[in-house]
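The structure appears right after this line, and notes come after that.
The values are calculated or read from the model by the stated rules, or taken from the named source; none is laboratory data. Computed from a prediction, not measured in an experiment: that's the story for all the values here. Ideal geometry is used to build each Cβ from the backbone, glycine not excepted, and the neighbour counts take in all protein chains shown. All accessible areas refer to the heavy atoms of the entire protein, side chains included, with ligands and DNA or RNA removed. Shrake-Rupley method; radii C 1.70, N 1.55, O 1.52, S 1.80 Å.
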Amino acid sequence: MSADSPTPGPDPAPKAAVGIARRLLRRARDVAAEDLRTRAAAARDAARRAWEARPSPRRGIAIAFAAALAAAGAGGILWQARLPARLPAALDWAALSALLERDARPGDAVAIAPGWAEHARLAAPARVPVLAQARFDRAELTGVRRVWLVTLPGAPGRASVLQAELDLIARAARPAERMALGRLEVQRFELAGPRVPLAFLPDLLARAEVRRGDQPCPAGADGAPACPGDPGPSLRRSVRQVDALPRPCLVAAPADAPLVISFPSVPLGSALAGHLGRAGDPPPAATGPLPARVALRVDEQEAGTVELPLAGWRAFRLDTARFAGSARDVELTLTAPADAGPLCLDAEALP
């Protein structure tokens, strides 16, 4: 190329392409903005029309209530449909029965949570008592060394299951052994300070003498003491409902004279502790004030008297420390109005 040749300038094609791209981008942005404005305007119009067509406040509340009711009904039906899959099967209860039959020993008891799982009473052997207290932290687990806690982890009432576990953990000597039996869960707790009585008086009824006032009460046709007169109180060892829980006790029908129960050769310790309440839940109706009195005599000596209002499951404690370490004749006298209805009385000699 000679020195006189002109120098070539930049190619105009790239600049033109850049300009076209910018115009297209600007156009697309404008179209998008216009579309957004159109959609916003349509949404505003729809919202305005919906607001103008809104129901009255009363109608709105009724619609909301109906919707909530339908949702609750649907949820309840669904919950009910799923419940059987969360409850123990017959095979699970059979496994529990076999476990307790094999491993339970004297001093064991079964606790259930939630408390409505009463099927455990059928699964537990007859020799193993079943506890159904709402709380076990202060429950009087007299004579119990180990507690088998049977729970339904998948069933309603999980809060009560957790509370029962915490209560028994606080009273246990060592961590519990946990095992799963299908949809049942079993934990065995060994209590740190078991309270083992020297004697439980309801269990000694067979060798006791009973009288009403001065009249002896011989054994009736069923073997239970039956006092003369009409209707004549009887006394029997049974389990009755008192204050919403089953209580093993002596069931007595008061009359117009005190009921006297004499137990021969009872080992005594620091105290004789017991409870008294009206059997039945709710107990039968009665009229007038309903105080009751329990008096204790040991070897013909007055050892104490308590007066208890017949409401709920009332505890009493009578000091026997001066007789501790010996077996003595014990006499309990129960005095209560004849219209009090059947009474449930228990008593135990504490070490």
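Below, the figures for the structure above:
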read-out: Subset of region 123-137 [surrounded by fewer than 17 Cβ atoms within 10 Å (Cβ to Cβ), in contact with an Asp or Glu (Cβ under 9 Å, 6 or more places away or on another chain) and modelled with pLDDT under 85]; value: R135, D137
read-out: Residue list for region 143-160, filter: β-branched (V, I, T) and either surrounded by fewer than 19 Cβ atoms within 10 Å (Cβ to Cβ) or assigned to a loop (DSSP other than H, G, I, E, B) (or both); value: V144
read-out: Residue match in region 167-178 (condition: open to solvent by less than 60 Å² (accessible area, probe 1.4 Å) and closer than 20 Å to A95 by Cβ); value: yes
read-out: Matching strands (runs of 3 or more DSSP E) fully within region 172-235 where at least 1 residues are more than 30 Å from A327 (Cβ to Cβ); value: 177-181, 184-190
read-out: Checklist (1) open to solvent by less than 90 Å² (accessible area, probe 1.4 Å); (2) more than 12 Å from the chain's Cα centre (by Cα); (3) under 23 Å from R240 (Cα atoms) applied to E140, failing item; value: (1)
read-out: Residue list for region 144-170, filter: without any contact (Cβ under 8 Å) to a residue 60 or more places away in the chain and closer than 21 Å to D103 by Cα; value: V144, R145, R146, V147, W148, L149, V150, T151, E165, L168, I169
read-out: Leading residue by the ranking (least open to solvent (accessible area, probe 1.4 Å)) among those in region 322-351 that are more than 18 Å from L201 (Cβ to Cβ) and either hydrophobic (A, V, I, L, M, F, W, C) or in contact with a Lys or Arg (Cβ under 6 Å, 6 or more places away or on another chain) (or both); value: A340
